[in-house]
Amino acid sequence: MTKCISSKVLRSVFALFLLGVFVACVSYTAGKVTAGFDIKEEIVNKIEKGKTTQQEIVQWLGVASAERTVDGKDQYFYEYREAAGVGVGVSRKRKTLLVTFDEKKVVEDYAYKVA
């Protein structure tokens, strides 16, 4: 029976941890809801193909929203969402950045989009 209680406690602690992570990534300020960390255009403009390193990208933008490896090359995906207003007057903004690194962990290509 002790094993079962410990398992339930562990699941509860894990659920609270996930809730804390979610709350840390989503914020609400005076009618504006945001998710993720804003991808500033001045940071994107600093990225140079063949020169900027994976370490610099992480220093500038933090941990990626998602990571994957395709054909031996790491890809980092960053996403920021924002919604402001109420009802019909809601405005939405989404920024995405996909960065592909070569085998030497240097930026090979990137795509930035604001919608």
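Here are some notes:
- Of all the residues in region 61-87, those that are among the acidic types (Asp, Glu) and surrounded by 15 or more Cβ atoms within 10 Å (Cβ to Cβ) number 3.
- Positions within region 88-105 being surrounded by 11 or more Cβ atoms within 10 Å (Cβ to Cβ), among the hydrophobic types (A, V, I, L, M, F, W, C) and at pLDDT below 90, in sequence order: 90
- Some residue of region 21-29 being surrounded by 11 or more Cβ atoms within 10 Å (Cβ to Cβ), at pLDDT 95 or above and under 22 Å from residue 115 (Cα atoms): no
- Flag for residue 90 being hydrophobic (A, V, I, L, M, F, W, C) and either within 24 Å of residue 51 (Cβ to Cβ) or under 17 Å from the mean Cα position of the chain (by Cα) (or both): no
The values are calculated or read from the model by the stated rules, or taken from the named source; none is laboratory data. Small disclaimer: the values here were computed from a predicted structure and weren't measured. Note that we place each Cβ from the backbone using ideal geometry, even for glycine, and neighbour counts take in every protein chain shown.
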